[in-house]
There are 2 protein chains.
Amino acid sequence: MNFSVTILGCGAATPTLLRNSTAQLINTHDKLFLIDCGEGTQLQLRKHKVRFQRINHIFISHLHGDHYLGLMGLMSSMHLLGRKSKLHLYGPPALKDILEVNMKHSGTSMSFPLEFHPTQFGEKQTMYEDATLSIASFPLQHRIPCTGFLITEKLRDRKIIKDFITEHDISLREILKLKKGEDVTRENGEVLLTDAVTILPQEPKSYAFCSDTKFDLSLKKYINGVTMLYHEATFADDMKERAEYTFHSTARQAAKVALEVGAEKLVLGHFSSRYPKTEGLLEEAREVFANTVAAWDGLVLNVPQRVKVEK
Amino acid sequence: MNFSVTILGCGAATPTLLRNSTAQLINTHDKLFLIDCGEGTQLQLRKHKVRFQRINHIFISHLHGDHYLGLMGLMSSMHLLGRKSKLHLYGPPALKDILEVNMKHSGTSMSFPLEFHPTQFGEKQTMYEDATLSIASFPLQHRIPCTGFLITEKLRDRKIIKDFITEHDISLREILKLKKGEDVTRENGEVLLTDAVTILPQEPKSYAFCSDTKFDLSLKKYINGVTMLYHEATFADDMKERAEYTFHSTARQAAKVALEVGAEKLVLGHFSSRYPKTEGLLEEAREVFANTVAAWDGLVLNVPQRVKVEK
């Protein structure tokens, strides 16, 4: 199944012509999730030909403008274009107040139901769950309350090898048991071993979004073993004092977190506009964690399968 | 002196890749005024290489999202880029509440002083005045309280013909009187006629911004004789029932207003996204008012000198 991340904006603080404010579209198992919604996100969605009425769940990390100022406009467009299906919003409790004061004064009553799910800042919290995946928020260390988000695929059923079905005349009931990893003993004493007739599903993949946060290795307790990690890298390491003061991270620090949590791949983002080019940031991160890429607006990343190391 | 209008966005309701939400930059006598500030305006300013810290006065017509949702982001960028000079905001009283709730929850205290000037909806009101121009708000008829804005140059002094200064040894005190249109009688009985040694200044120009509004010929009492009129033309005339229902205007209606108020030039804008091309709207307006142009994002219009008709 697909599990991709489209970077809609990876700039810090002020949007520029090079980088929009933070927003990411997660397309997993053909469901669309939006994480953060900086100003201009609706145009970025249009630019990348995303039918934004298909987005039913929007997650907001925190209430700095570059992470949410596009939300009211996106919702307004959803409304004006006649949306009917429910929109779920996940974010800091005060986000609800902000949206309500806007709607009140614009005299707008949305054409669709809105369900608001407040995030907590103290602990990891499952915000969304379905048959194939779950999404949790977890605390980040920023100047104002802020959470990251972790999207985790569920372990899928084993896959039955089709040739065996006809060869052994396996019934639907038997297939369901075998896919769950159970052996089947037939009335005639014949045993169908799940290990023989099924193959293991792919290891579940996961994606963690960590923006904005100061350097914090204790993130491990929330996102240990994550497959792909997006971590902010607002500054280069020669500005780590400024990073600490502003509760942001450097590229090298992002790499240290990736190493600590055992990620397969690291994506750097939330770049200060003082870095029109990201080669330097990428280089310092790769010294610590080789499998690193630097985000750019429009980049589509497939969450990779973890490379198995023979032991 | 220059008096130009840059269209930063002329789309209605939902921004598209073709047209941004409403915003206009007025550059008059080298002062910059921003009227309306839809989502993405700060990027439009960057795109058109406007140094937005030079903008000290922002006018907001009403609180529909497509007219103000870019304001918080623009102010936030002004703050993050270290602005110190005062910013004057003119708009509906509730705009202050909206900005305050955003600033409160983002923990932002702006780096610059902010002075808020509430608009009234019942009558025309001078909002700004300096030596060269004045800006007034006036009521428009929309679904929520809404005002237009009228920028009017002041009558400048007469211009003295330089050759006369040396020829008649005219003193500074005499020059000042002559420029004001007064004749000067010298001690020796010699009379300097202002009509002889000065030329009349150009007729003051004016610009009216009317978006959003239903068709309303009574606008004449606020903007009679305006030089250049920007009037919304959300729909073509075959949708005038929808225009009336939504408190918008058609292109033909905009032209009727231009004719009624005796404008020199009409600019159509605030186009519904159902019109990717504006030829049809332009054509129906020109049948009523010939000197009409259709706005597009990036268009720079010089407010024209009124063409004198010999009588």
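Residues that are touching a residue at least 60 places away in the same chain (Cβ under 8 Å) and either of a type in the set (Lys, Arg) or within 11 Å of chain A (Cβ to nearest Cβ) (or both) do not occur anywhere in the stretch B:90-113.
Looking at residue B:64, is it within 28 Å of residue B:222 (Cα to Cα), within 13 Å of another protein chain (Cβ to nearest Cβ) and open to solvent by 10 Å² or more (accessible area, probe 1.4 Å)? Spelling it out, residue B:64 is indeed within 28 Å of residue B:222 (Cα to Cα), within 13 Å of another protein chain (Cβ to nearest Cβ) and open to solvent by 10 Å² or more (accessible area, probe 1.4 Å). When residue B:273 is tested against the conditions (1) within 17 Å of the chain's Cα centre (by Cα); (2) touching a residue at least 60 places away in the same chain (Cβ under 8 Å), the lone failure is (1). Answer yes or no: is there a residue in the stretch B:16-34 that is over 23 Å from residue B:137 (Cβ atoms) and part of a helix (DSSP H, G or I). No; the residues of the stretch B:16-34 include none that is over 23 Å from residue B:137 (Cβ atoms) and part of a helix (DSSP H, G or I). Counting only residues that are loosely packed, with under 12 Cβ neighbours inside 10 Å and in a loop (DSSP other than H, G, I, E, B), the stretch A:156-192 holds 6 of them. The lone criterion from (1) under 22 Å from residue B:144 (Cβ atoms); (2) assigned to a helix (DSSP H, G or I) left unmet by residue B:79 is number (1). Residue count for the stretch B:133-145, restricted to those that are more than 14 Å from chain A (Cβ to nearest Cβ) and open to solvent by 40 Å² or more (accessible area, probe 1.4 Å): 1.
Taking residue A:243, is it buried (at least 20 other Cβ atoms within 10 Å of the Cβ), aliphatic (A, V, I, L, M) and more than 23 Å from residue A:4 (Cβ to Cβ)? So residue A:243 fits the description; yes.
Among the candidates B:125, B:120, the residue that is of a type outside the set (D, E, K, R), surrounded by 16 or more Cβ atoms within 10 Å (Cβ to Cβ), within 28 Å of residue B:29 (Cα to Cα) and more than 14 Å from every other protein chain (Cβ to nearest Cβ) is uniquely B:125. Taking every residue in the stretch A:237-258 that is within 20 Å of residue A:11 (Cβ to Cβ) and pairing it with any residue that is of a type in the set (Lys, Arg) and open to solvent by 20 Å² or more (accessible area, probe 1.4 Å), at least 6 positions away or on another chain, the pairs with Cβ-Cβ distances below 6 Å are A:237/A:252; A:247/A:143; A:247/A:214; A:250/A:240. Take the stretch B:42-61 and flag every residue that is touching a Ser or Thr at 6+ places or on another chain (Cβ under 7 Å), closer than 24 Å to residue B:82 by Cβ and either in contact (Cβ under 8 Å) with a residue 40 or more places away in the chain or surrounded by fewer than 18 Cβ atoms within 10 Å (Cβ to Cβ) (or both). Scanning the stretch B:42-61 gives B:46, B:48, B:56.
For (1) farther than 17 Å from residue A:124 by Cα; (2) touching a Gly at 6+ places or on another chain (Cβ under 6 Å), each residue gets a yes or a no:
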residue	(1), (2)
A:146	no, no
A:155	yes, no
A:164	yes, no
A:183	yes, no
A:209	no, yes
A:226	no, no
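From the list B:293, B:288, the lone residue that is farther than 23 Å from residue B:22 by Cα, open to solvent by less than 70 Å² (accessible area, probe 1.4 Å) and β-branched (Val, Ile, Thr) is B:288.
Filter the stretch A:99-139 down to the residues that are assigned to a helix (DSSP H, G or I) and of a type in the set (D, E, K, R), then identify the one that is nearest to the chain's Cα centre (by Cα). Across the stretch A:99-139, the extreme among qualifying residues is A:100. Return a yes/no flag: does the stretch A:30-41 have any residue that is surrounded by fewer than 21 Cβ atoms within 10 Å (Cβ to Cβ) and acidic (Asp, Glu). Yes; the residues of the stretch A:30-41 include at least one that is surrounded by fewer than 21 Cβ atoms within 10 Å (Cβ to Cβ) and acidic (Asp, Glu).
Within the stretch A:33-51, is even one residue hydroxyl-bearing (Ser, Thr, Tyr) and within 10 Å of another protein chain (Cβ to nearest Cβ)? Looking for residues that are hydroxyl-bearing (Ser, Thr, Tyr) and within 10 Å of another protein chain (Cβ to nearest Cβ), one finds at least one in the stretch A:33-51, hence yes. Among residues of the stretch A:79-89 being without any contact (Cβ under 8 Å) to a residue 40 or more places away in the chain and more than 9 Å from chain B (Cβ to nearest Cβ), the one that is most open to solvent (accessible area, probe 1.4 Å) is A:84. Note on the stretch B:193-221: among residues that are within 17 Å of the chain's Cα centre (by Cα) and basic (Lys, Arg), the one that is surrounded by the most Cβ atoms within 10 Å (Cβ to Cβ) is B:205. The residues in the stretch B:248-276 that are closer than 24 Å to residue B:38 by Cα and surrounded by fewer than 24 Cβ atoms within 10 Å (Cβ to Cβ) can be counted, and the count is 5. Can you find a residue in the stretch A:152-162 that is more than 14 Å from every other protein chain (Cβ to nearest Cβ) and closer than 25 Å to residue B:105 by Cβ? Looking for residues that are more than 14 Å from every other protein chain (Cβ to nearest Cβ) and closer than 25 Å to residue B:105 by Cβ, one finds none in the stretch A:152-162, hence no. Exactly one residue among B:20, B:27 is closer than 23 Å to residue B:296 by Cβ and surrounded by 24 or more Cβ atoms within 10 Å (Cβ to Cβ), and that residue is B:20.
Residue count for the stretch A:195-206 under the criterion of being touching a Phe, Trp or Tyr at 6+ places or on another chain (Cβ under 7 Å) and either assigned to a helix (DSSP H, G or I) or without any contact (Cβ under 8 Å) to a residue 12 or more places away in the chain (or both): the result is 1.
The values are calculated or read from the model by the stated rules, or taken from the named source; none is laboratory data. As the structure is a computational prediction, the values presented were derived from the model and not from experiment. Glycine gets a Cβ as well: all are built from the backbone with ideal geometry, and neighbour counts include every protein chain shown. In case anyone asks, the SASA skips ligands and DNA or RNA and just uses the protein heavy atoms, side chains included. Shrake-Rupley method; radii C 1.70, N 1.55, O 1.52, S 1.80 Å.
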